[in-house]
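S.K.: First the structure, which I've put down as structure tokens, then a few questions once you've had a look.
The values are calculated or read from the model by the stated rules, or taken from the named source; none is laboratory data. Since we're looking at a predicted model, the values are computed, not measured. Positions of Cβ are backbone-derived with ideal geometry, glycine not excepted, and every protein chain shown enters the neighbour counts. Heavy atoms of the whole protein, side chains included, go into the accessibility calculation; ligands, DNA and RNA do not. Shrake-Rupley method; radii C 1.70, N 1.55, O 1.52, S 1.80 Å.
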Amino acid sequence: GVGLVGFGLFFVLFGMLLYFDSVLLAFGNILFLSGLVFIIGFRRTFTFFFQRPKLKGTSFFLGGVLIVLMRWPLLGMLLEAYGFINLF
């Protein structure tokens, strides 16, 4: 789990260094989220993201992941950053 999160962060940072390469960013996002599920479990991950007060941050974060997967990396990363700030 920790390795997946580490590789996910590495790919996200590497994708940002390579001028927002959408493939690396998408791969990093998928690795990060799957690593988070392996670390704390599926149920706790689900309850963390879908709590009522955190629903706005979750929608922006997961929407940003979806936008990155649709090959709009700059807009997707901005949405993810805003969602990440609202989550934590």
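S.K.: Considering only segment 21-71, how many residues are outside any helix (DSSP H, G or I) and either in contact with a Gly (Cβ under 6 Å, 6 or more places away or on another chain) or open to solvent by 70 Å² or more (accessible area, probe 1.4 Å) (or both)?
M.R.: Matching residues across segment 21-71 total 5.
S.K.: Of all residues being within 12 Å of Met77 (Cβ to Cβ) and surrounded by 18 or more Cβ atoms within 10 Å (Cβ to Cβ) in segment 9-20, which is farthest from the chain's Cα centre (by Cα)? Just the residue, please.
M.R.: Gly15
S.K.: Separate question: Taking the stated definitions as given, is Ser59 touching a Pro at 6+ places or on another chain (Cβ under 8 Å) and of a type in the set (S, T, N, Q)? Let's see the steps before the verdict.
M.R.: Working: touching a Pro at 6+ places or on another chain (Cβ under 8 Å): no; of a type in the set (S, T, N, Q): yes.
When the stated conditions are applied, Ser59 does not pass them.
S.K.: Ok, one more. Select from segment 6-20 the residues that are of a type in the set (Phe, Trp, Tyr) and in a helix (DSSP H, G or I) and list them in ascending order.
M.R.: Phe7, Phe10, Phe11, Phe14
S.K.: Sticking with this one: Does segment 72-88 hold any residues that are open to solvent by 90 Å² or more (accessible area, probe 1.4 Å) and within 10 Å of the chain's Cα centre (by Cα), and which are they?
M.R.: Across segment 72-88, the qualifying residue is only Phe84.
S.K.: Looking at (1) on the phi < 0 side of the Ramachandran plot; (2) touching a residue at least 40 places away in the same chain (Cβ under 8 Å), find the lone condition where Arg44 falls short.
M.R.: Condition not satisfied by Arg44: (2).
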